[in-house]
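Below is one structure, written out as structure tokens; the observations come after it.
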Amino acid sequence: MKALIGALTLAAVATGMTLRIAPAGAQDYPTRPITVVIPTTAGTAADIAARTLAPRLGPILGKPLVVENRTGASGNIGVASVAKAPPDGHTILLTASTLAVTPALFKDLGWDPEKDLQPVARMAVVTFVLLVHPSVRAGNVRELVALAKQQPGVLNFGSPGTGTPHQLLMELFKQVAGINITHIPYKGTAPAMTDLMGGRVETAFFPVHISAQLAKAGKLRMIASVGDRRTPWTPELPTLNEQGASGVNADTWIGMFAPRGTAPAIVNRLSQEVLALIGLPEIRETFFQQGIITAPGGPDELSALLKSDIELYRRIVAQAKITVE
């Protein structure tokens, strides 16, 4: 066997081929199409990532990937379907970091993200920016904080709904800055953004790729970005950290998970193939055009990130006294 592998390797080198040897235990995987569950609607970052990768990953694995949006109950229906699926690698989850929020919001999920899901790969992040309506007398974070302190509870911020990353970022910002701004939840991104542009709410956090276009048109004003570094879309925009609001670094990540108990060989193969794909220039560019930045990481990195975010969001939710109906 060693001689055969050696001969194949030499042949591959001689012909310029890339020899791919499947990990032990994964040689027969997959045996049928793989279902990729997205617990959010079409057009979200996780959905875009899945539909970008699926047509490329299928031929590599030898079976097609079927992307399904299983929405409802704040994404819990889709996640539960994967958590309870057979751990054979034929049902996988591709989701955003809202996965880390649900344990803080719901008491009886019927599943646990750490106990019932196996991290496969961290894929990307979506960066948010802090926005204000042009009528708000604040051109930076310091001025917005001062205005909020002058009028506690008078300013309003909008979000696509209770427990969304948009709300939790603002709650974290409020806690860091020591200010009181009233939350106005909407049923979706579109109405929340519409009311922000109309001045019916004064401020909000939204993804940078949506916000930058509206700010350029003069409909909104960006005053800070989230994260340790300025975004490639807005290099002129200082981060919250640069403006004194340090600690508001809760990026929205996108990751792949399998049911807990999936064979390590299958998890490792999926992880290796996904990370190889998102390293391709054309994939990075496709993501970039949709406001997504590739941020590759293996199972251990995603596991640590999930754990730390669960703890972070528990603190935010508890301090802000956020509840869902």
## Note on the structure
Counted residues in segment 103-125 being in contact (Cβ under 8 Å) with a residue 60 or more places away in the chain and not in a strand (DSSP E or B) come to 8
### Query
If you go through segment 160-181 one residue at a time, do you hit one that is part of a loop (DSSP other than H, G, I, E, B) and under 17 Å from residue 241 (Cα atoms)?
yes
#### Entry: Matching option when the condition is in the same structural domain as residue 55 (by TED's automatic domain parsing) and either part of a strand (DSSP E or B) or touching a Pro at 6+ places or on another chain (Cβ under 6 Å) (or both), among 262, 286
262
### Task
Output the number of the condition that residue 145 fails; it satisfies all remaining conditions of (1) surrounded by fewer than 23 Cβ atoms within 10 Å (Cβ to Cβ); (2) touching a Ser or Thr at 6+ places or on another chain (Cβ under 7 Å); (3) under 28 Å from residue 200 (Cβ atoms); (4) not aromatic (Phe, Trp, Tyr).
(2)
### Task
Test each condition in (1) buried (at least 16 other Cβ atoms within 10 Å of the Cβ); (2) in contact with a strand residue (DSSP E or B) (Cβ under 7 Å, 6 or more places away or on another chain) for residue 250 and report the one that comes out false.
(2)
### Task
For segment 267-325, enumerate the residues that are without any contact (Cβ under 8 Å) to a residue 12 or more places away in the chain and small (Gly, Ala, Ser).
276, 304, 308
### Query
What residue, of 99, 94, 105, is under 19 Å from the mean Cα position of the chain (by Cα) and over 28 Å from residue 272 (Cβ atoms)?
105
#### Entry: Close pairs (8 angstrom Cβ cut-off, 6 or more residues apart or separate chains): in a loop (DSSP other than H, G, I, E, B) and of a type in the set (Gly, Ala, Ser) in segment 63-84, buried (at least 16 other Cβ atoms within 10 Å of the Cβ) and at pLDDT 95 or above anywhere
72/78
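The values are calculated or read from the model by the stated rules, or taken from the named source; none is laboratory data. Computed from a prediction, not measured in an experiment: that's the story for all the values here. Ideal geometry is used to build each Cβ from the backbone, glycine not excepted, and the neighbour counts take in all protein chains shown.
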